[in-house]
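The block underneath contains the structure these notes are about, expressed in structure tokens.
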């Protein structure tokens, strides 16, 4: 087995790229990796498994996003603009997310400062991982950084270990 130095996933012998995060396993030793101060977790967390949902992808012009964060008392209700950056605030950084998840234990749960973005087009929303340290998962599938995926009503998203369900209203 070959351990990926980026995400620690155990890959089969002979594999050129990490089966989990897509990093090149043979040239990774030649590069200098800047370690993010975001706390990293083992990606095989069984208690965070998601169920697949097939809600509508249509998001009307006057619609709102309702975000139910696991173990939070109240949902977050947002009318998204063209791009909504999700992450955690940090006094040492000038980068500020549009939706700050710090009150929901974002630092302890491995959420990056600029973790993901919800992008709005004419009648759909997409979720994009912004190169986060612990990855963004949509219904249990890890997103490839900078590659948008369509967001549907009822989807489960995971930012590090922070789990939320997204609904359209």
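Collect the residues in the stretch 101-123 that are part of a strand (DSSP E or B) and free of Cβ contacts under 8 Å to residues at least 60 places away in the same chain, keeping them in residue-number order.
Initial filter on the stretch 101-123 (part of a strand (DSSP E or B)): 116-120.
116, 117, 118, 119 - these are the residues of the stretch 101-123 that are part of a strand (DSSP E or B) and free of Cβ contacts under 8 Å to residues at least 60 places away in the same chain.
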- Could you list, in sequence order, all residues of the stretch 124-169 that are within 13 Å of residue 65 (Cα to Cα) and in a loop (DSSP other than H, G, I, E, B)? 124, 152, 153, 154, 155, 169
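For (1) crowded, with 16+ Cβ neighbours inside 10 Å; (2) within 30 Å of residue 18 (Cα to Cα), each residue gets a yes or a no:
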| position | (1), (2) |
| --- | --- |
| 82 | no, no |
| 100 | yes, no |
| 109 | yes, yes |
| 138 | yes, yes |
- Task: Could you look through the stretch 4-16, keep only residues that are closer than 24 Å to residue 110 by Cα and exposed (fewer than 15 other Cβ atoms within 10 Å of the Cβ), and pick out the one that is modelled with the lowest pLDDT?
- Result: 5
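The values are calculated or read from the model by the stated rules, or taken from the named source; none is laboratory data. Computed from a predicted model, the values in this text were never measured in an experiment. Backbone-built Cβ (ideal geometry, glycine too); neighbour counts: all protein chains shown.
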